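So the structure is just underneath, and the comments pick up after that.
The values are calculated or read from the model by the stated rules, or taken from the named source; none is laboratory data. Every value quoted in this text rests on a predicted model; they were computed, and no experiment measured them. Cβ placement follows ideal geometry from the backbone for every residue including glycine, while neighbour counts extend to all protein chains displayed.
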Amino acid sequence: MAAPLTADRLLQALRAEGVRVVEVGNWRTHNRNQKGAWGPANGSIVHHTVTKGTASTVAMVRDGYASLPGPLCHGMIAKDGRVHLVGWGRTNHAGGGDPKVLDQVVAESYSSRPTPPTKGNSNGVDGNAHFYGWECENLGDGKDPWPTAQYDAIVRVQAALCRAHKWSAKSVIGHREWSADKVDPRGIDMPGLRADVAERLKHPANWNPNEEDPMAGITKKDIFDAVWKTDALAGPTDAGDHGTNPTWQAQSILKDMQARIRSMDRRMTAQTAAITALAGQVGTGADTATIVAAVEAAIEHAVIDLNMHTKET
Ligand SMILES: [Zn+2]
């Protein structure tokens, strides 16, 4: 038994879902509450208007006509995808419908479609208390197209309501699924629409499937692994256990190479110092022990000097 959303909560839910909203006049308090119940909210009904032209359609669904006073829905979803809010509360959109359909929507118990209705305006139960209503600008002749922007807005509006009420997409039906007297919304496949609403509900409200980021879901670690951790890399064969480790990472190989270069640098420095020291002993007549001592001293001095420069101790 869900209380209907407040006008503020509806606006918040629609905007979070990425719906472009147009607030028309006193829509928050424009309703038929003096004529009957509003709530519990049990679902949402999609309609077509049998009209052409957004401005005249908004005026018609807001004001109604002689035999049926407005508002005739809560929002009018135009061809361009804008949703014109014209009323909030009880509105004249659902009329009478089949009570077993209401039961199936409340329980969200049907499979792909509710049981086809056998009751309508003359002998059905009041739907205006139980359903949100969305009139969609379309001629309803089976030829007038449903532009992508409009269809996308229909999906978003229904998803916003389902998300706010924690309903599944089975709380969304077409007028023809509610009333035996109706054919709307003609050209919209209701199981397909419910599937699209259900898909939206798997994502956060701000999901934009048409602008999906090709890098979505890829983490920094995925990128790092793709670049550095490949089968082509393996540790050096003389690097102990790492040499046979196929997942040895490239940064470890770089560290290993750096260590080897430092070590080579040290040995070359020592050799150069030794040769220089030897050359300095040529022709001095010094004995072997003296020459060895001079060479060792030169090596030690050179390596200490190198270590100081590389800040290694
Ligand atoms: Zn209808």
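Couple of notes before you dig in:
- Contact map, the range 161-174: residues that are in contact (Cβ under 8 Å) with a residue 60 or more places away in the chain and surrounded by fewer than 23 Cβ atoms within 10 Å (Cβ to Cβ) paired with residues that are among the aliphatic types (A, V, I, L, M) and outside any helix (DSSP H, G or I), Cβ distance under 6 Å, separation 6+ or inter-chain. Pairs shown: A164/L5; H165/A2.
- Subset of the range 32-50 (residues that are closer than 20 Å to R186 by Cβ and surrounded by fewer than 18 Cβ atoms within 10 Å (Cβ to Cβ)): V50
- Any pair with Cβ under 9 angstrom, 6 or more apart, that starts in the range 61-74 at a residue that is in the same structural domain as V22 (by TED's automatic domain parsing) and touching a residue at least 60 places away in the same chain (Cβ under 8 Å) and ends at one that is in a helix (DSSP H, G or I) and of a type in the set (A, V, I, L, M, F, W, C): L72/M60; L72/V61; C73/V61; H74/L10
- Within the range 79-97, the set of residues being away from the ligand (no atom under 16 Å from the Cβ) and surrounded by 15 or more Cβ atoms within 10 Å (Cβ to Cβ) comprises K79, G81, R82, V83, H84, L85, W88, G89.
- Tabulated pairs, the range 115-138, first in contact (Cβ under 8 Å) with a residue 12 or more places away in the chain, second hydroxyl-bearing (S, T, Y) and within 11 Å of the ligand (Cβ to nearest atom), C-beta under 7 angstrom, 6+ apart or interchain: P117/S179; G120/S179; N121/S179; G124/S179; E135/T49; C136/T49; E137/T49; N138/T49
- In the range 98-130, residue nearest to the ligand (Cβ to nearest atom) [restricted to those that are within 33 Å of the chain's Cα centre (by Cα) and not in a loop (DSSP other than H, G, I, E, B)]: V101
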